[in-house]
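What follows is a short report on a single structure.
Derivation of every value follows stated rules applied to the coordinates shown; laboratory data play no part. A quick note: this is a predicted structure, and the numbers were derived from the prediction, not measured. Counting neighbours? That spans all protein chains shown, and the Cβs are built from the backbone with ideal geometry, glycine included.
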Amino acid sequence: MKDLRKYVAEFIGTFVLVLVACGTAIVTGCGTPEGGIAAYLATAVAFGLVIVAMAYSIGNISGCHINPAVSIAMLVSRKMNAKDFVCYVIAQVLGAIAGAALLGVIFGFDCGFGANAVDPEKLFGGFLVELVLTCIFVLAILGVTSREAYSKVAGLVIGASLTLVHLLGIGITGTSVNPARSLGPALFAGGNALSQIWIFILAPLAGGIVAALIWMFLDHKDPAPKKSGKKK
């Protein structure tokens, strides 16, 4: 039952992320000439605030990954087991699909769903941006969750970090840094969002793995030197 609660929490968290944050992108017209810079800022802040809200509501149940890139980083850094990783990812993807489906019901199934896409002539650049931004975001998560002393501010730091990477990435890829967040909307949006989904799955997962490896190196504890001395 405890495991089931964790998976349900991940479903709910990812559902809310897609519904509220991608919904904000739709309402504000993010990525359109009409939306302008205000829509960019509102969308970036929405993603960050959702993470803050979920971190302090479901964080004590599942850790509030709501992102396969975060989960794979936890797997690589040995902070979760393979079974939980698989179940977390399934729950996250299902939550994202449910959130996107509700967006379709609310706004119509031609609303764009806040889906991610990149200029077809700049696929490598889009892949690189997603990888690097995911690495930055996940590295912040690994760092702030590594010490009990940071627990009270962890949600705020993680939310601010997600807002930060969105400020750069929205104009390039729409900012994914989260395969589930991209897959749910892409299934309904179709077009470039679906044909390019491999970028928004592989790049964030690679970024999460790189972040885990970097953190394991930085946080490595050298063994205490052995005391030497002559016996009397």
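Couple of notes before you dig in:
- Volume per residue for the chain equals 140 cubic angstrom (convex hull of Cα atoms).
- For the chain, the mean residue ellipticity at 222 nm estimated from helices alone is -22500 deg cm²/dmol, where every DSSP H run of n ≥ 4 contributes -39500 (n - 2.57) and the total is divided by all residues, rounded to the nearest 500.
- For segment 2-218: relative contact order, % (alpha-carbon pairs under 8 angstrom, 6 or more apart): 30
- Folded to 0 to 90 degrees: helix 154-173 orientation relative to the chain principal axis, Cα: 50
- Sorted ascending by nearby beta carbons within 10 Å, beginning with the fewest, Ser195, Ser176, Ser161, Ser71 become Ser195, Ser161, Ser71, Ser176.
- Rounded to the nearest Hz, the phi-derived 3J(HN,Hα) couplings of segment 98-111 under the Karplus curve 6.51 cos²θ - 1.76 cosθ + 1.60 (θ = phi - 60°) are 5, x, 5, 4, 5, 4, x, 5, 6, 9, x, 7, 10, 7, where x marks glycine and proline.
- All Cα-Cα separations within segment 3-73 were binned at 5 Å from zero, giving a P(r) of 4, 19, 23, 20, 14, 11, 7, 3, 1, 0, each value a whole percent of the pairs.
- The slack in the chain from Ile214 to Phe109, taken as 0.36 nm per residue of separation less the alpha-carbon distance, amounts to 33.7 nm.
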